[in-house]
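Contents: one structure, followed by commentary.
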Amino acid sequence: MVDVSRRRALLALAGIPVAGMALASCSETHPAKRRAPHHHPDRDSVVRWRAIQLEQRLLARHAETVTHHPELEDLLGTPTAHHRAHLEALLDDGPLPRLASVDDASGVSGTAADGRTSGSGTDTGPGDAGPGETGPGETEPPEIPANPGDALAAIRDAERTASDLHITECVNATSPRLAALLGSLAAAEAAHDADLDGGAA
């Protein structure tokens with residue numbers, strides 16, 4: 001988990017637009033690498049696909065929460081719009097091959113978009129999935145607590161988890177551009193957690 005001082009640093013960076021964001025803590029440690037042609041998706045394709053799945057799951061949770069608790073729609077409107085923009089930025093960063101497994105790239109393994117440790121080899125690639133569509137790992141809508149306060153707390157927990165996972169993926173990314181993008185998403189997710197604090201009290 002990200003410690004308090006690191007999360008405060010992310011919150012300070014959250015006001016910077018996603019496009020053009022460059023977090024030195026991620027990007028400076030990832031000089032551009034020349035990749036030899038190979039038959040498997042490269043490391044960044046896998047990292048980006050996991051980030052796409054994560055944003056899709058966040059969007060699904062926001063939508064289901066509003067369905068169950070319409071009174072939270074206004075409160076969740078801004079972070080939901082941010083997640084749509086995050087998803088667009090990830091999808092616009094270049095074509096993605098169909099992945100047979102999230103581990104099918106230079107031995108990449110790590111935490112999948114839903115918080116599980118990858119390695120089962122059962123996840124598939126994006127195919128024709130687009131913004132707002134559910135990723136292949138999402139077969140059921142998320143469970144939403146009956147109490148609106150609890151539902152909001154679940155969203156805050158999901159935002160914190162997303163922030164931590166995006167930071168972890170900065171280490172796995174080889175492209176400075178992708179590392180910077182993931183860093184900006186981590187900052188935004190941390191800001192969502194803070195902004196939603198006490199929203200349904």
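Label separation (Ala194 vs Ala81): 2.0 nm, computed from points 7 Å beyond Cα along the C-beta direction.
Fully extending the segment from Glu88 to His68, taken as 0.36 nm per residue of separation minus the present Cα-Cα distance, adds 4.6 nm. In this simple spin-label approximation, Asn147 and Arg177 carry label points 7 Å from Cα along the Cα→Cβ vector, and these lie 4.7 nm apart.
No value in this document is a laboratory result; all are computed from the given coordinates. From a predicted model like this one, the values you see are computed outputs, not experimental measurements. Virtual Cβ from ideal backbone geometry, glycine too; neighbours counted across all protein chains shown.
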